[in-house]
Structures are given as structure tokens and as C-alpha cells.
Amino acid sequence: MFKKTYNFLFSSRTVFCFFIIIFLFLSCVLRVAVISTGNYNSIQTQQSEFKIDVAKLRGTIYDCNMVPLTNVETEKMAVVLPTPRSIMSISRVLEGDILNNTLDTLKKNKPALCLVNEDLSCDGIETTTIYKRYGKTLSACHLLGYVDASGHGVSGLELAYDDILFSKESVTAIVNTDGKGNALKGVSPYFRNDLTQVFDGVVTTLDINIQTITENSVSKLNSGCAIVAEVGSGKIRAMASVPTFDVNDIAKSLNAENAPMLNRALCSYNIGSVFKPCIAIAAIENGYTNEEFVCEGSLEIGDRHFRCHNLNGHGTMNLCTSLAQSCNCFFYNFATMLGGHTIYKTAAKFSLGFKIKLADNLFTAKGNLPYLNEFSNSGTLANLSIGQGNLMASPVSMLNLYLAIAGDGSYRLPSVVEKTINEGVESPYDSGSSTKVMNSNTASLLREYLKTVITDGTGVEAAPTYTTAAGKTGTAQTGRYYKSGEEITNSWFCGFFPYDNPQYVVVVMSDSKLNVSTASIFAQIADGITEYKGINVENND
């Protein structure tokens, strides 16, 4: 009896376990079936995305009229899936090695990226527009600077405003793939391309048309620079340094002759006779307007003889004729009359020898204005009176002196940025207030004297054809020599136009042997801007 009961219970348990096992098995089969449905493929699709960074996104640098200086050129980029239709479409527009390489990738069942000339968006192909940071050439390359491979600024405004221009975002191609990395058929690729990152940036004071005129003119120098600033505002409308560099091939320019990477407009140089108007301002402001002096070709100061560039002498000179003929002896004598303290105070008003802030995180070189106690030395004072000795300044610094003369005795510090745009919010750049440094009558008289430099003096080559102008020539000794033994000099012309109603100041500087004079380059720039802006000079004669 017991045995029969036991056998029954055993048989019942066996059947129950069998059904449990069958149920679990069927559950597993059902689970496998569910996993194989589209729901799992959706999860797989989300988790298996093949991403390719196509291009860095970076804010744009604009000119004052919102003309882009970077992100100027665009290209079309296509991502192609390995489908018969997409292969036919891409084969129609590509050729040569580019087509062969693209087809090789597609044959491996992998997505391909390629540049195309038209929008090819269709099943299996998606096209987007990408910006090239720089075109074949870049206007104002020294001021704008360049970026490294990571997309960060290295120099110029690219570096100074990297916090605004840089973006972590990239143009990204996204392709859905299976677990083996093969592109999924029937699921379209797409691009992530946030162009709002490109529209933000920095608006400069540059005018691309004036910049082009200036670059074309200054390109005739072996090495040097030219700057154009607006009278009244101090805004720099053009800044060109030569030689230029290839922004798309930086390595080629790093060790090239004549240091093409150097922005000469911001560097410090010996300035020579373009400093003489500063002495003239000190003289006029202190009542020495009608003084005369006989230049005999040299002047004895202390135990030294200081020579004029005209060794035969200029004869009787006054302030007007001494500027026109750039008579050194007249200014040696004037410096002795004025004294070092007066000259130092006048020069300091123009920030000569000091750093000048052009934008956030962008400055000129410091330069050098001798300390006041050095002016007690008569030899130092004589050299300073003609812009020689230890006096050094950047071409940008020289703008201050001539902006003040052209601006009725007042000037604003030069600037190169109008505003920044960050996430659509505009923030104007504060370039500071105007500084009054001389009487309006002094400025007016000096403009008249500087006009004679062009009409009857050393600057006749600076005379424009289509406008009137005034300015000053200068040649500075450097104490450095070429291998031939010839001394290296810095050649300058600083001036403004039109003469009666000055609108622009131009500084031209060459730090090597001249092919053409800096005065003639000034004339070309003045004529080019006059034609471009349609400046009416009929009432200025």
C-alpha cells in the first residue's frame, strides 16, 4: 500500500516538474522571440551610432559692416550609406581617386564621407553645409591670427577672444549601425550642425574695402606695415603687415625669411623725424611760434657736434620750414630752449613709449620713452628732439600724435573691436573717452605746417592725386647693420587727409630696404580710400 502510494506521488511530482520545465522553456522561447522584434532593434539603434566629427564650429570675426572675415567660404559634405541608390547617386558627381576611395569604403558596408558640389540628400545620402575657417587668403591675417588643430586661437584676435569664438561643438555625421558596426539599411543618416555657433563672434573696426586698399599698397614693401585710423573715433579701419603668411600652412612661414608671422604694426621701432611734430607742439604751446635759427649743417652741444642730414646747412629756418625740410639743427636748438621736462610732458600725453590696449587681451609692444632724469643730459635731449636715441614706439602708438593734430587737439586711443556677440547678446567694446592734449589753434597751425611737408618739402611723394593731405617723413637709425655693412634704418610716413577736414590718419613704416618710398604708399592709400568713400575734396583746396 505504501509502495503504491509512493509511486503515485513520485509520478505526480515528475509530471509537475515536467510542466514547470516546459513552461520555463516556453517562456525563454517567448522572451527570445520578443527580443528579436523591432523593440530591441530600436534599443540597438539608439546605442549603436557611428559618429564622425566633420568640422569644428567656431564663431565668426566680422568687419565693421558685418562682412565675415572668417567662415567666409562654405563646402557641402555628404554622408553616404552603402545602398544601390546612394552608390549610383554619388558615382554621378564624384570622379577619380575621390570616387574610388568612396566606393571602396561603401563596398566594406561602411558609411563614407565626401565633399560634393551639390545637395544630394536622398535615401541613403544626407548633405550639409560646413564652413571653412579660412579661405585661400585671409585679409588682416596678422591682426586676426589663426587657430590650432584643436580649434583654439593661437594669435591675434583668435587668441584674444578665444573664450567667445571657441565652441566645443562640431559638425557631426551620425549613422545608425548594427552590433558589428555595419550601417543599418533603411535608416537615414543625418548631421548634427548647430550654425548658431558660427553666427556669434567678434565685430572688428576694420573695413574690408579699406583693408584691401591698404594691403595692396603696402605689399610693395619688402617688410613693414600700414595702419589707417578714423579721426575722432580712433577706430582702426585697416591694419596690414608685410610679408604676410599662409594661414593654411603655418609651418611653412615659421622659419621663413623676413619673419612673416610678425605683426609689425604692434612692434616697437626707432621712429626718427615723424616725432618732430611733438617738439613743435611743445614749442607752440609754450609761445615759441616765431623763432628762427640758422642751420649751418651741424650744431655743437656740450662736447659733441650733432649733424643735420643736409651737411651744407639749410640756412635760416623757422618752425614751418624746419618741418618741411626736416632740419635737425633747428630741433636740436629748440630742444635746448624748451628743456627736457617740457618735452617729456608733451610726449607722455600721446602715450609714446607705452603699451596701448587695442582690444581685450590685445596690446601693442611697450616701446620706450626715456625717463625724465635722462633728459638732463644734453646729448640725450638732442637725440630725442629728432626722434632718435632710446626713443621707440609702435606704429599704432604714432597714430595718437597725428590723430590729435588732425582732430583739433583731441584723440581717442586706437581700437580694433566694435563689439562682441555671445549667444546673440551684443556687448560694445569701450575704447575710452577723448583726450584733449593741445589747444585747437595749435593743432590748426601744425596742420598748416605739415601741409608744406608735402607741397614744398621732403614729402612731395606723399601728395595724393584725388585729395589733399598733410604729414611728415622720417628715417630712423637703428644701430643695426646688414651683412654688407650698411645700416638698417626704419622709414616712416605719418599723415592725414583731406587736409582741411581730416577724416583718416595713415601711418606707413618700413623696417628694411625700400623698393618704394613710404610717402608714395601713403599717397596710394589716400587715393584709394578717397575713391572708395567718395570723399568730396572740392572745398578742401
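All conditions but one from (1) more than 30 Å from Asp162 (Cβ to Cβ); (2) assigned to a loop (DSSP other than H, G, I, E, B); (3) open to solvent by less than 60 Å² (accessible area, probe 1.4 Å) apply to Ser444; the one that does not is (2).
In the stretch 216-226, what residues are in contact (Cβ under 8 Å) with a residue 40 or more places away in the chain, of a type in the set (S, T, N, Q) and surrounded by fewer than 22 Cβ atoms within 10 Å (Cβ to Cβ)? Within the stretch 216-226, Asn216, Asn222, Ser223 meet the criteria.
Yes/no per residue for (1) closer than 16 Å to Ser385 by Cα; (2) out of contact with any Gly (no Cβ under 6 Å at 6 or more places or on another chain):
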| site | (1), (2) |
| --- | --- |
| Asn248 | no, yes |
| Ser268 | no, no |
| Ile279 | yes, yes |
| Gly287 | no, yes |
| Asn290 | no, yes |
| Thr316 | no, yes |
| Ser322 | yes, yes |
| Gly353 | yes, no |
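If you check Asn310, Asn383, Asn333 for being part of a loop (DSSP other than H, G, I, E, B) and either at pLDDT below 95 or crowded, with 18+ Cβ neighbours inside 10 Å (or both), only one passes: Asn310. Count of the stretch 179-215 residues, restricted to those that are open to solvent by 30 Å² or more (accessible area, probe 1.4 Å), hydroxyl-bearing (Ser, Thr, Tyr) and under 38 Å from the mean Cα position of the chain (by Cα), is 3. Of the candidates Thr458, Thr489, Thr473, Thr452, the single residue that is within 19 Å of Ile386 (Cβ to Cβ), assigned to a helix (DSSP H, G or I), open to solvent by 10 Å² or more (accessible area, probe 1.4 Å) and of a type outside the set (Lys, Arg) is Thr452. Within the span defined as the stretch 419-441, every residue fails to be open to solvent by 10 Å² or more (accessible area, probe 1.4 Å), in a helix (DSSP H, G or I), in contact (Cβ under 8 Å) with a residue 40 or more places away in the chain and in contact with a strand residue (DSSP E or B) (Cβ under 9 Å, 6 or more places away or on another chain).
For the stretch 386-416, the set of residues classified as under 21 Å from the mean Cα position of the chain (by Cα) and either in a loop (DSSP other than H, G, I, E, B) or closer than 18 Å to Ala476 by Cα (or both) consists of Ala393, Ser394, Pro395, Val396, Ser397, Met398, Leu399, Arg412, Leu413, Pro414, Val416, listed by residue number.
Looking only at the stretch 56-107, count how many residues are among the polar types (S, T, N, Q) and surrounded by 21 or more Cβ atoms within 10 Å (Cβ to Cβ). Qualifying residue count, the stretch 56-107: 4.
The values are calculated or read from the model by the stated rules, or taken from the named source; none is laboratory data. Source: prediction; values computed, not measured. With ideal geometry, Cβ positions are generated from the backbone for all residues, glycine too; neighbour counts draw on all protein chains shown. The protein model used for the area step is the full one, side chains on, heavy atoms only, and it has no ligands, DNA or RNA in it. Shrake-Rupley method; radii C 1.70, N 1.55, O 1.52, S 1.80 Å.
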